[in-house]
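Have a look at the structure below before the remarks.
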Amino acid sequence: MKQLVPQNPKLDERGNIDEAVRQLQDWGVLVGKGACNHASFEALRKAVHEHFKVPWTSITPAMERLLYAICAVNRPRNIVAVGIFCGNTLIWNIGPACGPGKCYAAQRLVGIEVQPDRAGMARDNLQAIGVMDSVEVIAGDGHEILREIDYPIHLLYLDCDCPYKPMLDAAYDKVSEGGLVIAHNTIHKGWAKQESSQEYLAHVRDTSVFRESVSVEPDDLGIEVSVR
Ligand SMILES: C[S@@+](CC[C@H](N)C(=O)[O-])C[C@H]1O[C@@H](n2cnc3c(N)ncnc32)[C@H](O)[C@@H]1O
């Protein structure tokens, strides 16, 4: 199992995430050659922190920057995020492709949320920073919506509070070669002890399914980043 813990106390948040990006590039997980555009990230963070209404979130500051950096470096054309709650988890994944943090042009930015009131909150938040015209927020069950998608997915982000493997199964044939699947919460004790979670991790770490898979741990929730 490959593991990356960007929590070096001698480095600040930016330095730790830069180190993580370099390592992910060395391992061939990130194919983009550049570095994170931190000035664009700071512009996005300012707008989100000023304008988003967030009842609660499990996305830490270090995770905000890591998710942004992965997207900024790899520049996925089509991004789909499942379980977006009020949009605070979506925005860090799509931020390099829209609004105040934009540093490249993408084609499709899609967020899926099963609870319609939460999808509404996400739309309001995205509207508040002026990016709603670039993003599709779909209220519905991720399994059904992923199965219907008829375009390649270059970055799939999973943050739904239901088992990840069936969600991934619904999308796997659309994940492009070299495409990333990022799953949030994967070192959280409550998540990791579930059988379905272990099944997910074993599946994405099977090299016949994903070329590479790394646990990236900037905080105590972590993400699993898998490259097809
Ligand atoms: C724990 S929340 C994610 C919160 C996120 N980590 C944050 O900090 O903002 C999980 C979300 O997944 C949504 N969800 C659960 N099952 C889903 C499904 N089948 N399809 C789409 N969304 C789903 C829930 O409604 C909830 O809003």
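Other residues lying with their Cβ under 11 Å from the Cβ of H203 contribute a combined charge of -2, Lys and Arg counting +1, Asp and Glu -1. Positive contributions from Lys and Arg (+1) and negative ones from Asp and Glu (-1), summed over other residues with Cβ under 9 Å from the Cβ of G178, come out at +1.
Note that the stretch 2-227 presents 43 Å² accessible area per residue, ligands and nucleic acids not counted, probe 1.4 Å.
Computed on the Cα atoms alone, the convex hull of the stretch 6-72 gives a volume of 97 cubic angstrom per residue. The value obtained for the stretch 105-154, namely the Cα convex hull volume divided by the number of residues, is 75 Å³ per residue. At a 1.4 Å probe, what is the % contribution of carbon and sulfur to the accessible area of the chain? Here it works out to 48 percent. Evaluated with a Cβ-only charge set (Lys, Arg +1; Asp, Glu -1), the chain carries a dipole of roughly 560 debye about its Cα centre, given to the nearest 20.
Normalising the Debye intensity of the stretch 2-227 to I(0), with uniform scatterers on Cα atoms only, and taking log10 at q = 0.08, 0.10, 0.16, 0.17 Å⁻¹ returns -0.24, -0.39, -1.10, -1.27. G83: net charge of surrounding residues, Cβ under 9 Å, Lys/Arg +1, Asp/Glu -1, itself excluded? Summing Lys/Arg as +1 and Asp/Glu as -1 gives -3. Dividing the summed -39500 (n - 2.57) terms of all DSSP H runs of n ≥ 4 by the residue count of the chain sets its mean residue ellipticity at 222 nm at -12000 deg cm²/dmol.
The slack between D12 and R211, meaning 0.36 nm per residue of separation minus the straight C-alpha distance, is 68.6 nm. Straight-line cross-link partners of K189 among the lysines, defined as a Cα under 28 Å from its Cα and at least 8 positions apart when in the same chain: K2, K10, K53, K165. Length gained on full extension, V54 to K189: 46.2 nm, using 0.36 nm per residue less the C-alpha separation.
The values are calculated or read from the model by the stated rules, or taken from the named source; none is laboratory data. Fair warning: this is a prediction, and the values are worked out from it, not measured in the lab. Neighbour counts run over all protein chains shown; Cβ positions are idealised from the backbone, glycine included. We work out accessible area using only protein heavy atoms, side chains counted, and drop any ligands, DNA or RNA first. Shrake-Rupley method; radii C 1.70, N 1.55, O 1.52, S 1.80 Å.
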